[in-house]
1. Output the number of residues of the stretch B:263-310 satisfying the condition of being assigned to a helix (DSSP H, G or I) and away from every other protein chain (no Cβ under 14 Å).
2. Give me the residue from the stretch B:254-264 that is farther than 15 Å from residue B:283 by Cβ and of a type outside the set (Gly, Ala, Ser) and, out of that set, surrounded by the fewest Cβ atoms within 10 Å (Cβ to Cβ).
3. Restricting attention to the stretch B:53-63, report how many residues are more than 7 Å from chain A (Cβ to nearest Cβ) and at pLDDT 90 or above.
4. Being within 15 Å of the chain's Cα centre (by Cα) and surrounded by fewer than 24 Cβ atoms within 10 Å (Cβ to Cβ) is the filter; apply it to the stretch A:250-284 and report the residue that is farthest from the other protein chains (Cβ to nearest Cβ).
5. In the list B:36, B:13, which residue meets the criterion of being surrounded by fewer than 23 Cβ atoms within 10 Å (Cβ to Cβ), touching a residue at least 12 places away in the same chain (Cβ under 8 Å) and touching a strand residue (DSSP E or B) at 6+ places or on another chain (Cβ under 6 Å)?
6. Looking for whichever is free of Cβ contacts under 8 Å to residues at least 24 places away in the same chain, open to solvent by 40 Å² or more (accessible area, probe 1.4 Å) and farther than 21 Å from residue B:247 by Cα here; the options are B:116, B:109, B:94. Which one fits?
7. Could you identify the single residue in B:50, B:22 that is more than 12 Å from every other protein chain (Cβ to nearest Cβ), farther than 30 Å from residue B:300 by Cβ and buried (at least 17 other Cβ atoms within 10 Å of the Cβ)?
8. Looking at (1) crowded, with 19+ Cβ neighbours inside 10 Å; (2) aliphatic (A, V, I, L, M); (3) within 14 Å of chain A (Cβ to nearest Cβ), can you tell me which one residue B:103 breaks?
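The values are calculated or read from the model by the stated rules, or taken from the named source; none is laboratory data. Given the structure is predicted, the values throughout are model-derived calculations rather than measurements. Please note: Cβ atoms are built from the backbone with ideal geometry, for glycine as well, and neighbour counts cover all protein chains shown. Note: accessible area is taken over every heavy atom of the protein model, side chains too, but ligands, DNA and RNA are not part of it. Shrake-Rupley method; radii C 1.70, N 1.55, O 1.52, S 1.80 Å.
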Amino acid sequence: MGARPLPNVRLVKLPPAGPLAPHVAPPLLVEAPVVGNVPVARDYLRLTLEAPGIAASAAPGQFVMLTIAREGELAPVLPRPMAIYGIDRAAGTIDVVYRIVGAGTRRMAGWLPGERMTTVGPLGRGFTIPRNARSILVFGRGIGSCSITTLVREATGLGVEVTVVLSARDRDALIGAETCCEAGASVIEVVDSDGSSDPVRLARLLGHAGHTHDAYYVCGSHRMLELAARLAHHPVRGSTATHAEVQVSLEAHMACGLGYCHGCAAGRPGLPAETPLVCRDGPVFRWARTERQDAALADALAVGSDVAAGAASAPETAP
Amino acid sequence: MTRRKAPDLRVRIGSLELANPVMPASGCFGPELGAIVDLNRLGAMVTKTVFAGPRSGNPAHRLDESYGGMLNSVGIPSDGAAGFVRQLLPHYREWRPPTIVSLGGLSEEEFFVAAEQLAGVDGIAAFEVNVSCPNLEAGGHELGAVPAAVERVIRGVVDRVQVPVIAKLTPNVTSIADIARAAEAGGASAVTAINAVLGLAVDARTRQAKIGTTTGGLTGPAIKPIALRCVWQAARAVQIPVIGVGGIATVDDVIEFLLAGATAVQLGTATFTHPDTMVRIIDGLAARLAADGVASVSELTGALKVGPARHDLGGVLDASAPETGSPVPHG
């Protein structure tokens, strides 16, 4: 999936300063020893890397570039962008949860404890939580669920009430529930196989809870972004804003992760300037509207584009 | 053991002297890399291609990995010459190695407009004229396949700037030697060979071309033999230095390109794989030359041996011996 703009929904960069500005620390290049690499669900593994410098400065929603080629190997040539799933500052480790989807992630599954893997991070601009937020709703679908766990932990740590909706094709592919529960979040799991992940059903379920949230976060699903945008369309407590904050983490193919290769943007010949880069300007963007888009919202956000509301994680295809 | 003097890694590209022969390939580098790699170690820095005016890049997907390499069609997004000088060049000036600015255009005239805008700007040590991008909507690549057009563009840029001008050549031509000669005739101080090899990636399941612009440029180790051949052909065709690029990722690769006729080398895709590859290669090259007793890296340039290789059985196997007989005498 590439990051193409949504009609009716405009994604903009998080502000460079102020309460919603993301924390950005200089990235590090490290040869990180593998501490663990264990299955956590069908086709999903959790990789733990010893990277104290990255663990010390990583913020929720940031990612790392993991080189697949071992020391002395020339290929696969591209490193993989992977969302940071967990940060353990005391242990000096970071966790990445990945799904085996192609040649690169298949190789990763063979990494053994003690091996040192080329890792660059923390990268990108991650999720931010509005200062007055009392409750937030977080959507994660499939591998996209791996981008939101650091946010969930940060928010519950701040005393924010967190509801997490985890979605997947079927029960075996659900990921992150335990992590989110341990962090103190309420978790709702939905799947395609029993119809519970259907946005209309989900909207009814969440609407019946009679609860509005101060911010909505999405990763891994375009339909969930539409739903979040619809749910966010209400007056915000203690603010003059007419809609709650909505942030989405995008995925894209990347080569550098630092902003110089421009592989992760999507443009069009004739445009006067380059569009935002998912790696440097994102991967987390804010959902924004114009008046005209508000009118379109009344039509229940019938959006038919193919934005990549996915995780900054393993966007690879099986070659 | 006798102590040898550290080998001399310095090379000359026209009037430009580089501390070592290793520099990044245009498009695969930016000062952003300085966050994790010491750019002061490089022989030179090469910018992404700068156009006269600002332009967007290509639609997604712009990248696709392939066997031993990758396809890209980024499409050279650019802030334009003025934007480059204002926003990006100051970041290059923070580092010591000379900055080589890659110059782009969709027409001959556009190259000249960009050259005029950048001529005399402090901090630009040389220009590398990109007459070879495979991913532009018009111009770049087709222009680079016509010797007369290459000569005109190079001469036009040489006439407008005061620093060395390098021509970056495409491999997607019948005779790269002809293009190299045209660049030399136009006044180029060097040629860079090669730009990406035009390719196509297909998703068998979805039946979709994987790259947004359908075709893209193949780079990485997969193209090294093509690049070596082009460097060898270009080096035999011209008197000016050749900068070799295409799939270089190791010290051995660098030596191979030097032997084929390169004076300096560029690395692109390998920096994506291991971001500190260029620095590791500079260290490794110095160690290798010292170990091999090579006093100066320039000794290797063009030292390729060609023709039948000698081997242990040389002179023993006799093609003229009758097939019925035994070619090797029994003791």
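1. The total comes to 14.
2. Kept after step one, since they are farther than 15 Å from residue B:283 by Cβ, are these residues of the stretch B:254-264: B:256-264.
With of a type outside the set (Gly, Ala, Ser) added as a condition, the list becomes B:256-259, B:263.
Working: B:256: 22, B:257: 31, B:258: 26, B:259: 18, B:263: 23.
Top of the filtered list is B:259.
3. Going through the stretch B:53-63, the residues more than 7 Å from chain A (Cβ to nearest Cβ) turn out to be B:53, B:55.
After this cut, where a residue has to be at pLDDT 90 or above as well, the list is B:53.
Residues that pass the stated criteria total 1.
4. A:281
5. B:36
6. Numbers: B:116 fails: free of Cβ contacts under 8 Å to residues at least 24 places away in the same chain; B:94 fails: free of Cβ contacts under 8 Å to residues at least 24 places away in the same chain.
Just one listed residue meets the conditions, B:109.
7. One residue alone meets the criteria, B:50.
8. With (1) crowded, with 19+ Cβ neighbours inside 10 Å; (2) aliphatic (A, V, I, L, M); (3) within 14 Å of chain A (Cβ to nearest Cβ) applied to residue B:103, the lone miss is (3).
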